[in-house]
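Right, one structure below, let's go through it.
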Amino acid sequence: MCGEMLAAAAVAAAGHAILARRFRCIGGEIDIVSEYRETIYFWEVKTYLHLNSLNPTSLKLKALRFKKCIRSFLNLNPHMFDMNIAIGFYLLHQKKGRILGKIRIVRL
């Protein structure tokens with residue numbers, strides 16, 4: 001099972017409704033868009049071979065690039081403009097195929 005499928009299954013198991021997968025826009029791609037308790041979550045899934053290759057700075061930069069895609073998604077779904085927005089990351093271990101952690105780094 002690929003990393004995005006594992007993360008989507010975990011998001012759904014936590015009670016989220018999956019709204020979109022691999023949402024593409026001019027600014028990039030959002031792996032998973034979900035809704036839970038009046039909040040829209042935009043998830044990036046990262047798969048790593050080694051824990052020491054995690055780079056928190058690159059995750060923060062990715063979150064900043066998400067803005068264009070979030071705007072695109074909301075422009076296509078204007079009824080969601082008044083909802084809370086959160087950006088999160090699922091980190092997966094490539095060899096073991098398991099979730100290393102879930103990080104919600106930005107709540108807008």
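The values are calculated or read from the model by the stated rules, or taken from the named source; none is laboratory data. Keep in mind the model is a prediction, meaning the values are calculated, not measured. Note: ideal-geometry Cβ built from the backbone for every residue, glycine included; neighbour counts use all protein chains shown.
Brief remarks on what is shown
- Residue count for segment 14-36, restricted to those that are in contact with a Leu (Cβ under 8 Å, 6 or more places away or on another chain) and surrounded by fewer than 18 Cβ atoms within 10 Å (Cβ to Cβ): 1
- Search result, residues across segment 37-59 that are surrounded by 14 or more Cβ atoms within 10 Å (Cβ to Cβ) and modelled with pLDDT of 85 or more: T39, I40, Y41, F42, W43, E44, V45
- Scan of segment 72-100 for residues that are modelled with pLDDT under 90 and either on the phi > 0 side of the Ramachandran plot or not in a strand (DSSP E or B) (or both), ordered by number: F81, D82, Q94, K95, K96, G97
- Residues that are in contact with a Phe, Trp or Tyr (Cβ under 7 Å, 6 or more places away or on another chain), small (G, A, S) and in a loop (DSSP other than H, G, I, E, B), drawn from segment 15-37: G15
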